[in-house]
1. Could you work out the relative contact order of the chain? I mean the mean sequence separation of Cα pairs under 8 Å and 6+ apart, divided by the number of residues, in percent.
2. Got a sec to turn the phi values of region 19-28 into Karplus ³J(HN,Hα) couplings, 6.51 cos²θ - 1.76 cosθ + 1.60 with θ = phi - 60°, whole Hz, x for Gly and Pro?
3. Could you tell me what percent of the DSSP beta bridges with both partners in region 6-94 are antiparallel, to the nearest 5?
4. Could you go through region 78-94 in sequence order and give the Karplus-derived ³J(HN,Hα) for each residue, using 6.51 cos²θ - 1.76 cosθ + 1.60 with θ = phi - 60°, rounded to whole Hz, and x for Gly and Pro?
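No lab work stands behind these numbers, since they all come straight from the coordinates. Every value quoted in this text rests on a predicted model; they were computed, and no experiment measured them.
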Amino acid sequence: IAELYTNRDSYAGKTIKIRGEVVKYSPDIMKTNWVHIQDGTNGNGSFDLTITTDDVTKVGDVVTFEGVVTLKKDFGAGYYYEVIVEKAKLLTQM
């Protein structure tokens with residue numbers, strides 16, 4: 001996660017695989033599930049990555065997702081993300 005935040009411009013629009021522990025799961029908001037993961041790293045003060053997915057997980061799971069990196073995403077109503085991984089597919093879940 002630190003690598004992604006530190007070098008965000010080089011990842012923009014690219015598909016990545018990323019692994020971390022689910023710290024927050026919010027189902028079925030704006031027709032998608034919202035997952036926050038952390039991996040113990042910190043890039044420029046950022047350590048929590050938001051992922052949108054159709055897949056289901058739960059807090060405490062260690063997961064690997066594959067999805068597209070989007071920068072400066074503004075959903076309105078105060079929901080703005082410097083970095084977000086969208087339309088991700090759950091590859092592994094433990």
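1. Values: 220 pairs, mean separation 28.9, N = 94.
For the chain, the relative contact order is 31 percent.
2. 10, x, 9, 6, 10, 7, 9, 10, x, 6
3. On the way: 30 of 33 bridges.
In region 6-94, DSSP labels about 90 percent of beta bridges as antiparallel.
4. Coupling constants for region 78-94: x, 9, 10, 10, 5, 9, 8, 10, 10, 6, 7, 10, 6, 9, 9, 8, 10 Hz.
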